[in-house]
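Throughout, read-outs are computed from the coordinates displayed, never taken from laboratory work. Predicted, not measured: the structure shown is a model, and the values here were computed from it. Glycine also receives a Cβ, built like all others from the backbone with ideal geometry; neighbour counts cover every protein chain displayed.
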Amino acid sequence: MTFDNYPVVRELDGIYIRVERDGKWCNRCFTDLTDEEQQNFLGSLDTEGLQRMCLILAGILRKVCDQFGIAGRDSESANDE
């Protein structure tokens, strides 16, 4: 894999995984991994680990959306349910 195929490092989630890239080991956030690296990491987790990952990622998504006022739909229609 060449450097051009790696995602831009943004360090969004704080879930660091040690991966080998171009013959060197580095620490990258889960969201900065390639699809293959993410699959390998997820495959190494047990049910409890996967649940923790989901909760961490949900919290980060909520924080980003709150910070930038992002909603899946307008809040008026969401309150109708």
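For segment 1-48, run through the trypsin sites (Lys or Arg not before Pro) and keep only the ones in DSSP coil with at most 13 other Cβ atoms within 10 Å of their Cβ.
Numbers: sites: Arg10, Arg18, Arg21, Lys24, Arg28; in loops: Arg10.
Listed in order of number, the matching sites are Arg10.
Once a ≥ b ≥ c are taken as the square roots of the eigenvalues of the Cα gyration tensor of the chain, is the result rounded (a/c under 1.5), prolate (a/b larger than b/c) or oblate (a/b not larger than b/c)? Show your work: numbers first, answer last.
Numbers: a/c = 2.97, a/b = 1.88, b/c = 1.57.
Cα axes put the chain in the prolate bin.
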